[in-house]
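Student: There's a structure below that I have some questions on.
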Amino acid sequence: MRVKSKWHKTQVKTIEDIGGAMAFICWRITKNHLEDLINEGFVIEKEQVFDVIAEYLCFLIQSIDRLIFKTLNTKQRQELINKLAKQSAFYYQENKTDRIGEGNHWKAFINTYNQRSKDYSDYEFIGNEPDYHFLRYFAEKVKSAMTDVDEKWVVQQIIEIQAPKAFKKISASVDDLVSVDNIISKTEQIKLKEEKIPRSKRKSTRSDLKILP
């Protein structure tokens, strides 16, 4: 699946376009960070993989929510985060079903996301970046999702290396994806398509052309 993480600024995009692209980028970042943790020597059991994935996705979505606060209006922001959370839940469902087995993984992720949204609201962004407590909360949740790990080591790894690295990546992607001339809703996009007159049906602007009898 190929998804662009950067568009031309003169383009018109829908909230659904942006949310879908961001969800894919969040999933890709999370996958890369799982590999980083494993390469650093952390042991993540099969079941625990998806608990860690859920924490990463929630951290990234909450970061996006803060980053778009001044760029999108309230309605656009709500629609974008809703689309992003649902699409992330879809990826979670699809991948966990393949790796672990059948189950209502979609609902499980949404429940976790809703709880994390409430918890992250207690923490702040300073200078357009998550503060220490925001990062610490994320690190503690990743630690709780893993067993038989050096607690101090994994928390330090997340706060000092993994979280800042993930945030830097998603921050750059957000800037690229919302920096377009116009962002419209799906309804507006459908309306514009319906109103668009096909070239073959357009009236000629040349006054010298006459239809022969």
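Student: Filter the stretch 67-90 for residues that are touching an Asp or Glu at 6+ places or on another chain (Cβ under 9 Å) and among the basic types (Lys, Arg) and give the result.
Tutor: ARG77, LYS83
Student: Output yes when any residue across the stretch 85-103 is of a type in the set (Asp, Glu), surrounded by 12 or more Cβ atoms within 10 Å (Cβ to Cβ) and under 17 Å from THR30 (Cβ atoms), and no when none is.
Tutor: Checked the stretch 85-103: at least one residue is of a type in the set (Asp, Glu), surrounded by 12 or more Cβ atoms within 10 Å (Cβ to Cβ) and under 17 Å from THR30 (Cβ atoms).
Student: With the condition kept exactly as written, say whether any residue in the stretch 127-142 is closer than 22 Å to GLU45 by Cβ, aliphatic (A, V, I, L, M) and in contact (Cβ under 8 Å) with a residue 60 or more places away in the chain.
Tutor: Within the stretch 127-142, one or more residues are closer than 22 Å to GLU45 by Cβ, aliphatic (A, V, I, L, M) and in contact (Cβ under 8 Å) with a residue 60 or more places away in the chain.
Student: Would you mention how many residues in the stretch 24-57 are surrounded by fewer than 18 Cβ atoms within 10 Å (Cβ to Cβ), within 17 Å of ILE159 (Cα to Cα) and in contact (Cβ under 8 Å) with a residue 24 or more places away in the chain?
Tutor: 2
Student: Confirm whether TYR123 is surrounded by 13 or more Cβ atoms within 10 Å (Cβ to Cβ) and in a loop (DSSP other than H, G, I, E, B).
Tutor: yes
Student: For the stretch 67-84, state whether one or more residues are among the basic types (Lys, Arg), closer than 18 Å to MET22 by Cβ, in a helix (DSSP H, G or I) and touching a residue at least 60 places away in the same chain (Cβ under 8 Å).
Tutor: Yes: the stretch 67-84 contains one or more residues that are among the basic types (Lys, Arg), closer than 18 Å to MET22 by Cβ, in a helix (DSSP H, G or I) and touching a residue at least 60 places away in the same chain (Cβ under 8 Å).
Student: If I ask for residues that are at pLDDT 90 or above and either farther than 14 Å from GLU55 by Cα or crowded, with 20+ Cβ neighbours inside 10 Å (or both), which ones from the stretch 138-153 would you list?
Tutor: Within the stretch 138-153, PHE138, ALA139, LYS141, VAL142, LYS143 qualify.
Student: Let me ask something else about it. Could you list, in sequence order, the residues of the stretch 145-164 that are part of a helix (DSSP H, G or I), touching a residue at least 60 places away in the same chain (Cβ under 8 Å) and more than 12 Å from GLU40 (Cβ to Cβ)?
Tutor: Across the stretch 145-164, the qualifying residues are ALA145, ALA163.
The values are calculated or read from the model by the stated rules, or taken from the named source; none is laboratory data. The shown structure was predicted, so the numbers you read here are calculated from the model rather than taken from an experiment. Every residue, glycine among them, receives a Cβ derived from its backbone with ideal geometry; neighbour counts consider all protein chains shown.
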